[in-house]
Amino acid sequence: MAGRGVKLEQDKKEILKRGIHELPAPESFAVPSRFPPVKGEPDPKRILRAAEAAGIRSETDGVPLRDLLRSLAEQKTTLLAARCFDDDPFAAGEQAVLRESPEKVADGLALAAQACGAEETLIAAASRAEVRLLSARKIPAAAVAAGNRSPADFFLLQSLRRSGKNAALLGAQACAALSDAVREGKPAVEAVVTVAGNAVSKPGNYRVRIGMPLSLLLEFCGADRRAQFVSVGTALGGHSVLNLNMPVGFSTRCITVLKKPPLRREFACVRCGRCTTACPVGVVPWLVHRELESGPPEPLLLFHVGECIGCRACSAVCPSGIDLAGEVRRAALTKEGGRSV
Ligand code: SF4
Ligand code: SF4
């Protein structure tokens, strides 16, 4: 059973118009040293060595790129797609990287595909308008619009796999960094982070040194010191942070700063069924909620909970504000027999 996810309002035109702002590294940070670029025609071994020497990590989950590409090779990936969209109402970093340097993203994608043995590549852009921009800039790579229903990466992979491809995604930032490493011997020491929210006077996409404290980044962006809520991660799956000395990491893609914390009030389920429609893997979240509320759940009624991908679409659409994704996760653990609810 396939659901339809949740539609995200993603009018990011204003934030994208401003491009990517370069932030200076703190004075105490060492100047990164370059290494010899790959000479001649790059082969998979040289590409993997360059990825390792540059210290590139995936912005999706922080996994070292060399390990990721090796694992994709073991899985016999046949199509590698650059993930150049942000499955989130605020984040725009991946889209901004594609707009800034589409040639570099396409080059890094081709190198990554070579390293993992994928025969085909595809640029997955945020929308048809972005695909048109690519073709206007004469980028010689196949491109597709990922759409604005979250989880867009899940739906894209599902449709590619349905057409017989063993497809995988790689972030736009990792692609661009791989091109820099192979062609110029440039280490990966920066991340593109979107800073947004109603307590920021200069929202935008910022290129930031890895390790810079969040407090410094927020100061550059004109964040109100009285802001009561800072969240790191996507709007759907992010987590609030209290310690602003936390450093920017490879997977810090979006920071949302709000004057006041969002209201988190929970009401009784009204059986509207939206959570079931939204779930892309066929979980029935309201049933899970009912089972957990009424005592020890009946495992037979916890359909598909083990297949939950944690996209939080169910929680996002629930008019009663129920943390359905959290409940499904707990139910899955119970069903596995590992822990109590
Ligand atoms: S978080 Fe899990 S249960 Fe909720 S919509 Fe996503 S996959 Fe379905
Ligand atoms: S979306 Fe919320 S209110 Fe609607 S059926 Fe699901 S749990 Fe109940």
Q: Find how many whole Å separate the alpha carbon centroid of the stretch 34-112 from the alpha carbon centroid of the stretch 284-307.
A: 39
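How large is the dipole of the chain about the Cα centre if only Lys and Arg carry +1 and Asp and Glu carry -1, each at its Cβ, rounded to the nearest 20 debye? Please report the intermediate quantities before stating the final value.
On the way: 46 positive and 36 negative charges, 98 e Å.
Charge dipole, the chain, about its Cα centre: 460 debye, nearest 20.
Could you tell me what percent of the accessible area of the chain is made up of carbon and sulfur, with a 1.4 Å probe and every protein chain present? Walk me through the intermediate numbers first.
Details: 8920 of 17090 Å².
Carbon-and-sulfur percentage of accessible area, whole number: 52.
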**Q.** Subset of Lys138/Lys165; Lys13/Lys165; Lys104/Lys186 violating a 21 Å alpha-carbon distance limit
**A.** Lys138/Lys165; Lys13/Lys165
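What do you get for trypsin sites (Lys or Arg not before Pro) in the stretch 56-93 restricted to DSSP loop and a cutoff of at most 13 other Cβ within 10 Å of the site's Cβ? Working shown, then result.
Working: sites: Arg57, Arg66, Arg70, Lys76, Arg83; in loops: Lys76.
Loop-located and lightly packed - Lys76.
Please give the net charge around Glu103, taking every other residue with its beta carbon less than 13 angstrom from that of Glu103, where Lys and Arg add +1 and Asp and Glu add -1.
Values: positive: Arg99, Lys104, Arg137, Lys138, Arg183; negative: Glu100, Asp107, Asp180.
Net local charge, Glu103 excluded: +2.
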Q | Reachable lysines from Lys259, criterion Cα separation under 20 angstrom, eight or more residues apart if same chain | A | Lys202
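Based on the mean of other beta carbon atoms within 10 Å per residue, what is the order of 265-271, 104-110, most packed first? Present the calculation step by step, with values, prior to reporting the outcome.
Working: 265-271: 10.4, 104-110: 23.7.
So the order, starting with the most tightly packed, is 104-110, 265-271.
When Lys and Arg each count +1 and Asp and Glu each count -1, what net charge do the other residues less than 13 Å away from Glu184, Cβ to Cβ, add up to? Please list the in-between numbers first.
On the way: positive: Arg34, Lys39, Lys104, Arg183, Lys186; negative: Asp107, Asp180.
Result for the local shell: +3.
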Q. If you bin every alpha carbon distance in the stretch 190-258 into 5 Å steps from zero, what whole percent lands in each bin?
A. 4, 19, 35, 29, 12, 1
Q.
Classify the stretch 1-142 from the C-alpha gyration tensor, please: rounded if a/c falls under 1.5, else prolate or oblate depending on whether a/b exceeds b/c.
A. oblate
**Q.** Taking the C-alpha atoms of the chain, convex hull volume expressed per residue in Å³
**A.** 150
Q. In square angstrom, what is the accessible area per residue of the stretch 33-184 with a 1.4 angstrom probe?
A. 44
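Place the peptides 212-223, 185-196 in order of packing, highest mean first, counting for every residue the other Cβ atoms within 10 Å and averaging per peptide.
Details: 212-223: 18.2, 185-196: 22.1.
Those peptides, ordered most packed to least, come out 185-196, 212-223.
With the other protein chains left in place, how much accessible area per residue, in square angstrom, belongs to the stretch 190-258 at a 1.4 angstrom probe? It would help to have the intermediate numbers written out before the result.
Values: 2900 Å² over 69 residues.
Ligands and nucleic acids excluded, the result is 42 Å² per residue.
The values are calculated or read from the model by the stated rules, or taken from the named source; none is laboratory data. A quick note: this is a predicted structure, and the numbers were derived from the prediction, not measured. Heads up, the Cβs are rebuilt from the backbone with ideal geometry, glycines too, and the neighbour counts pull from every protein chain shown. All accessible areas refer to the heavy atoms of the entire protein, side chains included, with ligands and DNA or RNA removed. Shrake-Rupley method; radii C 1.70, N 1.55, O 1.52, S 1.80 Å.
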